[in-house]
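The values are calculated or read from the model by the stated rules, or taken from the named source; none is laboratory data. The model shown is predicted, which means the values in this text are computed figures rather than measured ones. Quick reminder, even Gly has a Cβ in these numbers, built from the backbone with ideal geometry, and neighbours come from all protein chains shown. What goes into the accessible areas is simple: the full protein's heavy atoms, side chains included, and nothing from ligands, DNA or RNA. Shrake-Rupley method; radii C 1.70, N 1.55, O 1.52, S 1.80 Å.
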Amino acid sequence: LMQIALAQGARETALRHAQEAYGEARTARWAWRAILESRLEAADWEGALTLVKSALDRKIVPPIVAERARAALLAASAAELEQPSPARREGDEAPPVDERKRAQALDFAQQAAKLRPDFAPGVVMAARLLAADGKLSRAANLIESAWKAAPHPALWLAFRDLRPDETPRLRAVRLAGLAALNPEARESRLLRGEPALGANDGAGARL
């Protein structure tokens, strides 16, 4: 019935059929997926998180899949909360930051980073919010832990930007320390060559 409704372009009817099936059959993965996709399309992150939890409870998805989904949804929730409200008219000053929302965004981002240290978007967002609060050491530790688990270019860029006022030499030393945490990774080798490229040292970059 859901597929027929979709073929006819009746999306609301199709979703209703999926919801009814999910309510009656605890292992109806197809119905769960249809409902999840509708919540993602609506940017209903809270509803999607609840749905992922129910899928885990019903053993529709394995724990590793649920963890990845939760990390992505928590990061999406944090990103939405972090967005400032638009000014009322052109030329108006931006409205003040809602500290409650910002704190909630940081909490969601940290949860995402804890669930999946190999999920770079969550780690980067948590580190950026921590750095904005002046908690540079905690932000650096978060990125370093993630780099050990799964190096990613977004991680070293976030690590680089933690201290925008430092000298190029100090930055190179700090980035070399990050690369040393996972020396055999491809991203670490690229990172070691980055300072040399910036200094137009082709020979050094090849090393």
Could you grab me the full set of residues in segment 69-81 that are buried (at least 17 other Cβ atoms within 10 Å of the Cβ) and at pLDDT 90 or above?
Ala69, Arg70, Ala71, Ala72, Leu73, Leu74, Ala75, Ala76, Ser77, Ala78
Is it true that some residue in segment 38-56 is more than 28 Å from Leu106 (Cβ to Cβ) and open to solvent by 40 Å² or more (accessible area, probe 1.4 Å)?
no
With the structure loaded, tell me whether Thr27 is assigned to a helix (DSSP H, G or I) and open to solvent by 20 Å² or more (accessible area, probe 1.4 Å) or whether it fails that test.
no
So, in segment 139-166, of the ones that are open to solvent by 70 Å² or more (accessible area, probe 1.4 Å) and outside any helix (DSSP H, G or I), which residue ends up nearest to Pro121 (Cα to Cα)?
His152
In segment 107-138, the residues that are on the phi > 0 side of the Ramachandran plot and either in contact with a Ser or Thr (Cβ under 7 Å, 6 or more places away or on another chain) or in a helix (DSSP H, G or I) (or both)
none
